[in-house]
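Let me begin by presenting the structure, written as structure tokens, before commenting on it.
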Amino acid sequence: MNALRQLAIGVSFACALGGAPAFAQQQVMQDGIAVKPLSRWRYLQPEEVVERESALQYRQLLTQANEKGALFPPNHPQVVRLRAIAQRMVPFAPRWNADATHWKWQVNLLNSRQVNAFCMPGGRIAFFYGIIEQLKLSDDEIAAVMGHEIAHALREHGRERAGKATATSLASRVGGALLSQWLGIDPNLTNTVTNTAGQLLVLKFSRDEEREADLIGLDLAARAGFDPRAGIALWRKMNALNQQQPLDLLSTHPGGEERITIIENHMNVLMPLYARAKGTSVERLPAYRSTALR
């Protein structure tokens, strides 16, 4: 009973944190995508630990890539291109996380055919050559990708997800123990059921983070003068490149069509940002033109 009582106390703490979504839903009225408070779940993962591990992992990645000749030099045209795009977007980052003002931003390009990119905590960005080459990305589309990855770092999604995973694991153990005691059956069976439910919750958290990063990323891009309609073109290209996708319920990412719909539904607030950056009106903006996949 003492063990159950201790677990119950842990669940109470997790439930208290669970009140965070109601707080986070209080949107501030302003132009563009509304800025919400950062999630309280991230407090379960110490900031200094995340920063230390991020710096170490990024440094190791660059060292290993350089040793294998897979790190493009600073004067490579694509590296220059990526850094120029980032330089335009970074000034708008503190809108989403005030700490970004003090980040030591880095942008590097790895010689890999992977269709991938990421931004680690602290503004450590890496692109894989494959995403630029295989998707034939325009500058606007690179900005959509980069903005999405920056958004994950700004909203501290990795730290938030780690906190949620910790709380979910704790709640699953408590749920399994209580259910086993109530039903009088083998606790291993109830643990399996509750752990599966917990895993699905973590997947949902991840999908929600992806949706948020899509919109925040395009907000950043639009303010920097990149066309947010590139987000639609980007996901159409991704769909064409990857026709076979896992079921949305069991995926950490929403389906491409869903993402396109969400982006389209927010064009009414994204396009005015882009028009303003361009010094014109939405009505005078030309149609978006994307480079086609070969």
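Descriptive notes on the structure:
- When residue 31 is tested against the conditions (1) modelled with pLDDT of 90 or more; (2) over 20 Å from residue 153 (Cβ atoms), the lone failure is (1).
- Within the range 132-156, the set of residues being surrounded by fewer than 21 Cβ atoms within 10 Å (Cβ to Cβ) and assigned to a helix (DSSP H, G or I) comprises 132, 133, 134, 139, 149.
- Filter result for the condition that a residue is modelled with pLDDT under 95 and not in a loop (DSSP other than H, G, I, E, B), over 109, 17: 17
- A single member of 118, 128 is among the aromatic types (Phe, Trp, Tyr) and within 24 Å of residue 32 (Cα to Cα), and it is 118.
- Single unsatisfied condition, residue 250 versus (1) among the aliphatic types (A, V, I, L, M); (2) modelled with pLDDT under 95; (3) closer than 24 Å to residue 85 by Cα: (3)
- Selection count, the range 254-282, where residues are among the basic types (Lys, Arg) and within 20 Å of residue 145 (Cα to Cα): 1
Condition check ((1) within 18 Å of residue 157 (Cβ to Cβ); (2) among the charged types (D, E, K, R); (3) out of contact with any Leu (no Cβ under 8 Å at 6 or more places or on another chain)) across all residues:
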position: 50; (1), (2), (3): yes, no, yes
position: 58; (1), (2), (3): yes, no, yes
position: 84; (1), (2), (3): no, no, yes
position: 88; (1), (2), (3): no, yes, yes
position: 99; (1), (2), (3): yes, yes, yes
position: 111; (1), (2), (3): no, no, no
position: 121; (1), (2), (3): yes, no, yes
position: 124; (1), (2), (3): yes, yes, yes
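The values are calculated or read from the model by the stated rules, or taken from the named source; none is laboratory data. Keep in mind that this is a model prediction, so the values were computed, not measured. FYI the Cβ positions are ideal-geometry reconstructions off the backbone, even for glycines, and counts take in every protein chain you see.
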